Amino acid sequence: MQRISDFVEDAKSGMIKHEFRRGCLVGNLGQEIVVLPDSFRCELENILLDWQERLAACLRLAVQQEQIPSHSDCDELAAFFWIGWEGAVLRAKLVQDVGPLDTFFRGFVAGIQK
């Protein structure tokens, strides 16, 4: 869980450093998918699926270390994280504040603990 928290903190620092003008390139491209070549759709989805698998592996380690409940569906949690995270990044850019990232992550963590 510390690795995930570190990711969030690093992303927040990066957004502040770049004055909320940057975010996730994959997320940015995903928002423009209707004007991009069809081949981009598959590539972007594959990137997101790779990120999901990496996060699911991290969450499985958290289960092994008893940081999250043993009944956790790590694949589903990873998918939920990336869907929500990309929305939080968009909102953070909109309001030029890391608050949406914090709100999302607190909710994600609270949901895991149940």
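The values are calculated or read from the model by the stated rules, or taken from the named source; none is laboratory data. Please read these numbers as outputs of a predicted model, since none were measured by experiment. Here the Cβ is made from the backbone with ideal geometry for all residues, glycine too, and neighbour counts use every protein chain on show.
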Pairs, first more than 17 Å from Phe81 (Cβ to Cβ) in region 34-57, second of a type in the set (Phe, Trp, Tyr), C-beta under 7 Å, six or more apart: none
Residues of region 43-70 classified as among the aliphatic types (A, V, I, L, M), surrounded by fewer than 17 Cβ atoms within 10 Å (Cβ to Cβ) and within 17 Å of Asp6 (Cα to Cα), total: 2
Single residue of region 86-110 satisfying the filter (crowded, with 16+ Cβ neighbours inside 10 Å and touching a residue at least 60 places away in the same chain (Cβ under 8 Å)) that is nearest to Arg22 (Cα to Cα): Lys93
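Counting only residues that are of a type in the set (S, T, N, Q) and modelled with pLDDT of 95 or more, give me the helices (runs of 4 or more DSSP H) lying completely in region 17-114 with at least 2 of them. Spell out the reasoning first.
Numbers: elements: 25-31, 38-64, 74-95, 99-112.
Here the list reads 38-64.
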